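The values are calculated or read from the model by the stated rules, or taken from the named source; none is laboratory data. Keep in mind it's a predicted model, so treat the numbers as computed, not measured. Heads up, the Cβs are rebuilt from the backbone with ideal geometry, glycines too, and the neighbour counts pull from every protein chain shown. Surface accessibility is based on the protein's heavy atoms, side chains included, excluding ligands, DNA and RNA. Shrake-Rupley method; radii C 1.70, N 1.55, O 1.52, S 1.80 Å.
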Amino acid sequence: MTHDMKPVFERRESQARSYCLSFDTVFTKASGSEMTDTDGRTYIDFLAGCSSLNYGHNDPDMKSALIEHIAGDGIAHGLDMYTDTKAAWLTAYEEIILKPRGMDDYKVMMTGPTGTNAVEAAMKLARKVTGRRNIVAFTNGFHGMTMGALSLTGNTSKRDGAGAEMLDGVTRMPFDGAFGEGVDTLEHIEMMIDNPSSGIDAPAAFVLEPVQGEGGLNAASKEWMEGIARLAKRHGAMLIIDDIQSGCGRTGTYFSFEGMDIEPDMITQAKSLSGFGLPFACLLIKRDHDIWKPAEHNGTFRGNTHAFVTARVALEKFWKDDAFQKKVHEKSVMLTSGLQAIADCVPGATLKGRGMMQGVDVGSGELAGAICAKAFEKGLIIETSGADDEVVKVLAPLTTPVDTFQKGLAILLEATQDVTGQAKLAAE
Ligand SMILES: *Cc1c(COP(=O)(O)O)cnc(C)c1O
């Protein structure tokens with residue numbers, strides 16, 4: 001079956017395709033934490049749509065709510081008109097997410113449906129609110145592929161995709177830990193921004209991911225984040241947290257910065273926001289900054305009505321109390337020990353990230369790629385991250401059953417042992 005279907009991709013689909021090159025089979029079905037291909041082979045999914053499927057594939061409650069909505073001729077597309085499903089999601093978001101976290105001061109803006117749309121909106125709004133152009137972004141940051149978001153993104157191969165287009169208006173600063181342990185990059189950044197003769201224009205915003213999803217799972221410390229927040233405030237710049245990959249429970253709490261004493265001016269959300277893998281993004285804006293006039297930032301697909309249905313179910317099912325968070329935390333602890341066993345097979349390997357957003361830096365992209373390829377042969381879908389793709393990154397659905405999770409980690413360990421030859425050494 002797979003062989004019959006594959007030629008059309010090679011023949012017709014643009015060579016800009018990518019994930020399919022690592023996972024070279026034709027998928028047909030998915031449920032929970034597993035995907036099945038045309039040959040009937042089942043794979044454990046430790047990629048989860050790059051954290052777009054935090055609640056797994058085809059969650060039964062989201063699925064039935066969506067089927068019911070469609071079967072009842074519920075609205076499929078309504079521009080940004082008022083609908084019952086939008087009211088229900090906004091109310092749930094307000095009651096379950098914002099209010100309990102003391103975040104009543106945020107307005108919700110529906111942007112275009114992908115993450116990069118939310119980032120573009122945040123950049124535009126920050127520049128409009130402050131009347132300044134310069135935006136501070138960080139080494140290894142990833143914020144999307146449209147022109148504005150790409151200007152914030154550090155990765156050279158991604159930036160090269162823009163050809164001769166200008167990706168300017170951004171000042172790059174070192175992320176927490178960028179100079180290695182023992183160097184406090186916050187001091188360096190403060191010196192550059194506080195010094196009126198540093199040559200850096202007053203910033204409109206600081207944009208950052210608390211855990212860098214694509215850039216190697218670098219996790220900023222609470223102290224560093226709070227320092228950046230204070231610095232932004234001191235200079236009248238917006239603090240924009242890009243929680244597109246690290247949010248929706250990925251690090252163990254709904255927002256990745258919970259427990260830090262920071263109050264972002266804007267927060268971007270996408271990826272797992274719909275809960276079901278549907279395209280849906282939004283920008284949270286501190287009330288004072290909500291200055292765009294009607295349609296000043298517009299779009300045809302702002303607020304995905306089907307996603308409103310599934311996103312509401314996700315909030316009601318997983319976030320009404322802290323039971324889910326506790327389970328995610330337990331799994332994170334398992335993940336750390338599973339990854340430590342893997343790191344122990346590779347001299348010099350280190351653990352990266354936090355929560356259910358962790359990985360192993362194995363030192364080279366070649367080795368990390370070989371481990372992921374071997375894991376796929378053994379039935380595990382997993383990808384790399386980092387400047388040289390040197391981090392084997394686990395993004396399992398947060399809902400993965402413990403036995404499946406352990407099985408996936410065991411496959412990853414075996415794959416690492418096979419690739420590094422450690423299994424043979426241990427047996428001798
Ligand atoms: C994926 C991602 C984006 C871009 O989202 P798209 O839906 O791919 O446009 C932006 N920021 C972060 C942190 C991401 O992980």
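From the list Asp59, Asp73, the one residue that fits, being touching a helix residue (DSSP H, G or I) at 6+ places or on another chain (Cβ under 8 Å) and either away from the ligand (no atom under 16 Å from the Cβ) or in the same structural domain as Leu284 (by TED's automatic domain parsing) (or both), is Asp59.
When we screen Gly216, Gly180 for residues that are within 15 Å of the ligand (Cβ to nearest atom), at positive phi and outside the structural domain of Gly386 (by TED's automatic domain parsing), the only hit is Gly216. Within the option set Ala118, Ala76, being touching a residue at least 24 places away in the same chain (Cβ under 8 Å), closer than 23 Å to Met62 by Cβ and in contact with a Leu (Cβ under 9 Å, 6 or more places away or on another chain) holds for one residue only, Ala118. Criterion applied to Asp160, Asp176 was being under 25 Å from Asp265 (Cα atoms), of a type outside the set (S, T, N, Q) and open to solvent by 10 Å² or more (accessible area, probe 1.4 Å), and the one residue passing it is Asp176. Checked against the criterion of being modelled with pLDDT of 95 or more, surrounded by fewer than 22 Cβ atoms within 10 Å (Cβ to Cβ) and small (Gly, Ala, Ser), the range 405-425 contains one or more residues that satisfy it.
Looking only at the range 180-223, residues that are open to solvent by 10 Å² or more (accessible area, probe 1.4 Å) and without any contact (Cβ under 8 Å) to a residue 60 or more places away in the chain come to 21 in all.
Please go through the range 6-54 and pick out each residue that is under 30 Å from His329 (Cβ atoms) and either within 16 Å of the ligand (Cβ to nearest atom) or under 18 Å from the mean Cα position of the chain (by Cα) (or both). Once the filter is applied, which keeps residues that are under 30 Å from His329 (Cβ atoms) and either within 16 Å of the ligand (Cβ to nearest atom) or under 18 Å from the mean Cα position of the chain (by Cα) (or both), the range 6-54 yields Tyr19, Ser33, Asp45, Phe46, Leu47, Ala48, Gly49, Cys50, Ser51, Ser52, Leu53, Asn54.
One residue stands out in the range 115-154 among those that are hydroxyl-bearing (Ser, Thr, Tyr) and within 9 Å of the ligand (Cβ to nearest atom): the one that is most open to solvent (accessible area, probe 1.4 Å), namely Thr146. Here is a check on your reading of the model: is Asp243 without any contact (Cβ under 8 Å) to a residue 40 or more places away in the chain, open to solvent by less than 40 Å² (accessible area, probe 1.4 Å) and within 22 Å of Pro203 (Cα to Cα)? Taking the combined requirement at face value, the residue satisfies it.
Taking the range 348-360 as the range and being more than 19 Å from Ser52 (Cα to Cα) and in contact (Cβ under 8 Å) with a residue 12 or more places away in the chain as the test, the residues that pass are Gly348, Ala349, Leu351, Lys352, Val360.
Suppose the filter is at pLDDT 95 or above, buried (at least 16 other Cβ atoms within 10 Å of the Cβ) and over 30 Å from Thr85 (Cβ atoms); does Val394 pass it? For Val394, the condition - at pLDDT 95 or above, buried (at least 16 other Cβ atoms within 10 Å of the Cβ) and over 30 Å from Thr85 (Cβ atoms) - is met.
The set of residues in the range 25-64 that are open to solvent by less than 10 Å² (accessible area, probe 1.4 Å) and without any contact (Cβ under 8 Å) to a residue 60 or more places away in the chain contains only Asp37. Collect the residues in the range 274-290 that are of a type outside the set (Val, Ile, Thr) and open to solvent by less than 10 Å² (accessible area, probe 1.4 Å), keeping them in residue-number order. Once the filter is applied, which keeps residues that are of a type outside the set (Val, Ile, Thr) and open to solvent by less than 10 Å² (accessible area, probe 1.4 Å), the range 274-290 yields Ser274, Gly275, Phe280, Ala281, Cys282, Leu283, Leu284. Residues of the range 307-348 that are open to solvent by less than 20 Å² (accessible area, probe 1.4 Å), under 26 Å from Thr416 (Cβ atoms) and polar (S, T, N, Q): Ser332 alone. Just one of the listed residues (Lys293, Lys286) is touching a residue at least 40 places away in the same chain (Cβ under 8 Å), more than 12 Å from the ligand (Cβ to nearest atom) and of a type outside the set (S, T, N, Q), and it is Lys286. Which condition number does Ala281 fail, the rest of (1) within 16 Å of the ligand (Cβ to nearest atom); (2) touching a strand residue (DSSP E or B) at 6+ places or on another chain (Cβ under 6 Å) being met? Tallying (1) within 16 Å of the ligand (Cβ to nearest atom); (2) touching a strand residue (DSSP E or B) at 6+ places or on another chain (Cβ under 6 Å), Ala281 fails exactly one: (2). Between Arg17, Arg11, the distinction of being open to solvent by less than 60 Å² (accessible area, probe 1.4 Å) and without any contact (Cβ under 8 Å) to a residue 12 or more places away in the chain belongs to Arg17 only. Starting from residues that are under 21 Å from Phe142 (Cα atoms) and of a type in the set (Gly, Ala, Ser), keep the ones in the range 253-272 and report whichever is nearest to the ligand (Cβ to nearest atom). The extreme case among them is Ala270.
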